[in-house]
1. Only helices (runs of 4 or more DSSP H) wholly contained in segment 11-123 count here; list those with 2 or more residues that are in contact (Cβ under 8 Å) with a residue 24 or more places away in the chain, touching a Gly at 6+ places or on another chain (Cβ under 7 Å) and not β-branched (Val, Ile, Thr).
2. If you check Arg96 against the conditions, is it among the basic types (Lys, Arg) and within 20 Å of Val115 (Cβ to Cβ)?
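All of the numbers you see were taken from the coordinates with simple rules; none came from a lab. This one's a predicted model, so the numbers in the text were calculated from it and none came from an experiment. Ideal geometry is used to build each Cβ from the backbone, glycine not excepted, and the neighbour counts take in all protein chains shown.
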Amino acid sequence: MIDLTVLKETFGILLILTGCFDALKYSLQAWKIQKVQSARAQSRKFVLMAIGNDLIKTVYSVLILDIFIFVSSVLALVCMLHLWYVVYLFYPYKHRGLCHFKRPSIWKFTINAMVPNRFRERL
């Protein structure tokens, strides 16, 4: 008969390993954006939804005191926040390259990404 704690530990370690692959996915995307110097093809809403999902997973793991969920979600969250910052840096702003170009604040950039296309202003 299989011990339940051994099974839980085994699947917990597998969760952390698959969480590393999940985090690697976001790191690779950030690397590709930096390489091509443009975030034109990256959906900002997708990244924000993924960040929201892992924030909720992190809070849930703290509430139920599960170290495996916590480690995997924090690792993915760190990589997603890095991707979000890279998207912010390489977003194709409307006036980029013009004299006196000023990148919007990251807060305005984030709010603008959450608003539907027909209501948001073009950055």
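1. Numbers: elements: 44-64, 67-90, 106-114.
By residue number, 67-90.
2. Details: among the basic types (Lys, Arg): yes; within 20 Å of Val115 (Cβ to Cβ): no.
So Arg96 fails the test.
Yes or no, residue by residue, for (1) loosely packed, with under 12 Cβ neighbours inside 10 Å; (2) more than 17 Å from the chain's Cα centre (by Cα):
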{"position": "Leu4", "(1), (2)": "yes, yes"}
{"position": "Gly19", "(1), (2)": "no, no"}
{"position": "Ala23", "(1), (2)": "no, no"}
{"position": "Gln29", "(1), (2)": "no, no"}
{"position": "Ile33", "(1), (2)": "no, no"}
{"position": "Arg40", "(1), (2)": "yes, no"}
{"position": "Arg44", "(1), (2)": "no, no"}
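So that you can scan it fast, the table gives a plain yes or no per residue for (1) touching a helix residue (DSSP H, G or I) at 6+ places or on another chain (Cβ under 6 Å); (2) surrounded by fewer than 13 Cβ atoms within 10 Å (Cβ to Cβ); (3) over 29 Å from Pro116 (Cβ atoms):
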site: Thr58; (1), (2), (3): yes, no, no
site: Ile64; (1), (2), (3): no, yes, yes
site: Leu77; (1), (2), (3): yes, no, no
site: Leu81; (1), (2), (3): no, no, no
site: Pro92; (1), (2), (3): no, yes, no
